[in-house]
Amino acid sequence: MTTAPDTKAAPSPRAATKSSLARGLALRWDTAVGVLLVAVLVVGLGTTEGFGSAENLAFAFNDIAEVAIIALPMTLLVVAGQVDLSVASMLGLGSALTGALWEAGWAFETIVPVVLLVGVAGGLLNGWLVTRVGLPSLAVTIGTLALYRGLASVVLGSDAVTDFPQVYADWAVDTTTVPGTFLTYPVLLFIVLAAVTAVVLHATGPGRSLFAIGSQEEAAYFAGIRVKRIKLLLFVATGLFSAFAGVLFTLRYGSARADNGLGFEMLVIASVLLGGIDFDGGKGTLFGAVAGVLLIGVLKNLLTLNDIANEVQVIVTGLLLVASVLTPRVIAAVVERRHRRAANAPAPQP
Amino acid sequence: MMLRTAAGRRAVATAAAAVSLTLALTACSGTTKDSAGSGGAKAAGSAKADPDAPLKKGLKIAFLPKQINNPYEKIVDEAGIEAAKEYGGTGKEVGPSDANASSQVSYINTLIQQRQDAILLAANDPNAVCGPLKQAMKKDIKVVAYDSDTAKDCRQLFINQASSEEIGRSLVQHLGKQIGYKGKVAILSATQNATNQNTWIEFMKEELKLPAYKEMELVKVTYGDDADQKSFQQTQGLMQAYPDLKGIISPTTVGIAAAARYLSDSSYKGKVVLNGLGTPNQMRKYVKDGTVEQFSLWNPEELGYLGSYAAAALASGQISGAEGEKFKAGKLGEYTIGKDGEVILGEPTVFDSGNIDTFDF
């Protein structure tokens, strides 16, 4: 969890209360993002006509379903000090493959497991290069970012395949919702996956070991954590989720193309960082990442509804990101300085 | 390391078995392209049109270009917004900053929520925008495609800048004349899936099959994605790959300007003929310095103007989008809807050093 460096010196009970209060609220960037998300929702409901309609909310959340789903394993990767930039290319490869196989007359029920397998294979390649060959994940996945997108173009060329089965397309689009709610089925799936991922990360041994791997990989290894295997599994999971996102994207837009999801990797990583996951690894909560991805989605929808130009939207997202990286560090530095001053001050006479 | 343990091996084996089982189960009885009814719902049946209905006042129309920083589309959209003022409506332009297929979709949703009367859109992908456009039509928002069409059942009208056949063939004819019908030529297009680009390129290839062009060879179609830098690099790449290239056709305003910029500073200036579709303001410099002899384009202001009036006529119930219906487009006069809901603006204009200074767009 995101906690400030703990200080043993608690000069007075009053200061201690104050500092733990600060740690409990202000220092938790993920909480701040959650609060910001609620604030944006409230402002949107109050100021913007059409924002609160079930139809629009269904659209707004469904519109980020792929990014949100990929953000889950990405959170775990970043916590473990790794990153995967090839996710959007894997999404494109999944989409292209779905289209090519559908065009070739395969059954959709066969296509999905095949595409997922390809996702697993792509993840294995990333993981193998990182854990066995020992290359940095940033470099490896910049390479596979190009590789998988290239393969997608080979698979489908410049064609676009359309006319996927209505029954599956209906499952994915924002006009079909879980009866009585504004939740679409992809969003519902995301909620389930997020809950599972949260439990894995925060309540299981292997999940919690990610924090150890992320902050001190060597120490984690000597503590008996199977660092390489865990990292390999994370890359595989990321490949799998990305390939699935490719199928989802294809169904949602009814169009399979090699360039689908171009640039989504930045959106995914931005969401994760915005949620307070430390890019150096070892810190963060899944709640933060989920709040981050929802905040980006809701903000985009709200700004678009108010006819705010795209350039401004990009600037807003950028500023938020800088703030998300900067703020926790500034607060930590301030707190540390205050503690140091308190420690240096002459102890009060009893 | 993973497979070294028995447990690991067992897990992989189980996974493999599960997958092959799924494959076996689904292979023979699944939903395939030929079996299941795939999405192809017809557009909402259009209500009867009343040709004498006046244009409604206070109509809200929105232009959704391929991308907002495209100078050509800006001209189209601004002219359309001006036209809306003429008939007492309001117009606006919204859109994504990249020409990706999916990025237009969230804007369509927004326009539905804002209850616009009509959406005019230049599609980045004819199918990716279909679902939301059908949603819009279901809510009685009129949909007019311009510049680049959507699938036919996802819009009521398509304002075609000029007949695609004429654009494609005339560009080859012009270039052929310029290079003496001899030598290697290449095409610098926009994105790989741009509907209009691909249709024109098809007609270019058709024209090149005629005996007159038997000594001309199309060596490559390359894509600059309507991004200036990429188009520039693609031109550079073309010249490196084919130093003896005689001509380049770039049927996109971004592409031709970038290609001209590259050629004007290179040793190929004057040796390679560049033709295509460009705007006079972007190309003036290169016509004056001799890099480019001529290029063509329809008048984009008229395209936006016509689109705006067509949308208003639809929203006012004058027309429904059926073949043969007529409507009046302000100062441009009367237009008739053709097959598949197409309205054709007219013939493209050829710009050269003789007439370029009389145009300002």
Residues satisfying the stated conditions in segment B:153-197, i.e. assigned to a helix (DSSP H, G or I) and either within 14 Å of chain A (Cβ to nearest Cβ) or touching a Ser or Thr at 6+ places or on another chain (Cβ under 9 Å) (or both)
B:153, B:154, B:164, B:165, B:167, B:168, B:170, B:171, B:174, B:195, B:196, B:197
Given the conditions (1) touching a residue at least 40 places away in the same chain (Cβ under 8 Å); (2) under 28 Å from residue B:190 (Cα atoms); (3) buried (at least 18 other Cβ atoms within 10 Å of the Cβ), which single one is not true for residue B:320?
(2)
Those residues of segment A:279-297 that are away from every other protein chain (no Cβ under 12 Å) and in a helix (DSSP H, G or I) come to a total of 11
Is it true that some residue in segment B:110-118 is in contact (Cβ under 8 Å) with a residue 60 or more places away in the chain and under 22 Å from residue B:339 (Cα atoms)?
yes
Yes or no: segment A:106-118 includes at least one residue that is more than 9 Å from chain B (Cβ to nearest Cβ), free of Cβ contacts under 8 Å to residues at least 60 places away in the same chain and part of a helix (DSSP H, G or I).
no
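Would you pick out the residues in segment A:131-143 that are more than 14 Å from residue A:263 (Cα to Cα), in a helix (DSSP H, G or I) and away from chain B (no Cβ under 12 Å)?
So in segment A:131-143, the residues more than 14 Å from residue A:263 (Cα to Cα) come out as A:131-140, A:143.
From the residues that got through so far, the ones that are in a helix (DSSP H, G or I) too are A:131, A:137-140, A:143.
Hits for segment A:131-143 are A:137, A:138, A:139, A:140, A:143.
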Scan segment B:228-247 residue by residue and report those that are in a helix (DSSP H, G or I), in contact with a helix residue (DSSP H, G or I) (Cβ under 8 Å, 6 or more places away or on another chain) and small (Gly, Ala, Ser).
B:231
Tally time: how many residues in segment A:78-98 are closer than 15 Å to residue A:125 by Cα and of a type outside the set (D, E, K, R)?
8
Residues of segment A:109-151 being crowded, with 18+ Cβ neighbours inside 10 Å, farther than 27 Å from residue A:165 by Cα and of a type in the set (Gly, Ala, Ser), which ones?
A:123, A:127, A:137
Kindly indicate the residue of segment B:47-79 that is within 14 Å of residue B:98 (Cα to Cα) and among the aliphatic types (A, V, I, L, M) and also surrounded by the most Cβ atoms within 10 Å (Cβ to Cβ) among those meeting that condition.
B:64
Filter segment B:113-125 for residues that are surrounded by fewer than 23 Cβ atoms within 10 Å (Cβ to Cβ) and facing another protein chain (nearest Cβ under 10 Å); which is nearest to residue A:92 (Cα to Cα)?
B:113
If you scan segment B:157-169, which residues turn out to be crowded, with 20+ Cβ neighbours inside 10 Å and closer than 12 Å to residue B:338 by Cα?
B:157, B:158, B:159, B:160
Which members of segment A:241-278 meet the condition of being of a type in the set (Gly, Ala, Ser), surrounded by fewer than 24 Cβ atoms within 10 Å (Cβ to Cβ) and assigned to a loop (DSSP other than H, G, I, E, B)?
A:263
Any residue that is in a helix (DSSP H, G or I) and within 22 Å of the chain's Cα centre (by Cα) - is there at least one of those in segment A:161-181?
yes
Of all residues in segment A:227-240, how many are surrounded by fewer than 24 Cβ atoms within 10 Å (Cβ to Cβ) and under 16 Å from the mean Cα position of the chain (by Cα)?
3
If we keep just the residues of segment B:46-105 that are more than 23 Å from residue B:332 (Cβ to Cβ) and away from chain A (no Cβ under 14 Å), which is modelled with the highest pLDDT?
B:48
I want to confirm something. Restricting to segment B:228-261 and keeping residues that are among the small types (Gly, Ala, Ser) and buried (at least 20 other Cβ atoms within 10 Å of the Cβ), which single residue is nearest to residue B:291 (Cα to Cα)?
B:260
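Check whether at least one residue in segment B:203-218 is over 11 Å from residue B:251 (Cβ atoms), charged (D, E, K, R) and either within 14 Å of another protein chain (Cβ to nearest Cβ) or touching a Gly at 6+ places or on another chain (Cβ under 6 Å) (or both), and report yes or no.
No, segment B:203-218 has no match at all.
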Being under 14 Å from the mean Cα position of the chain (by Cα), aliphatic (A, V, I, L, M) and either part of a helix (DSSP H, G or I) or within 30 Å of residue A:313 (Cβ to Cβ) (or both) narrows A:198, A:212 down to just A:198
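Conditions tested, residue by residue: (1) in a loop (DSSP other than H, G, I, E, B); (2) within 22 Å of residue B:299 (Cα to Cα); (3) in contact with a Leu (Cβ under 7 Å, 6 or more places away or on another chain).
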{"site": "B:78", "(1), (2), (3)": "no, yes, no"}
{"site": "B:81", "(1), (2), (3)": "no, yes, no"}
{"site": "B:98", "(1), (2), (3)": "yes, no, no"}
{"site": "B:107", "(1), (2), (3)": "no, no, yes"}
{"site": "B:115", "(1), (2), (3)": "yes, no, no"}
{"site": "B:123", "(1), (2), (3)": "yes, yes, no"}
{"site": "B:127", "(1), (2), (3)": "yes, no, no"}
{"site": "B:134", "(1), (2), (3)": "no, no, no"}
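The values are calculated or read from the model by the stated rules, or taken from the named source; none is laboratory data. Bear in mind the structure is a predicted one, so any value in this text is a computation, not a measurement. Quick reminder, even Gly has a Cβ in these numbers, built from the backbone with ideal geometry, and neighbours come from all protein chains shown.
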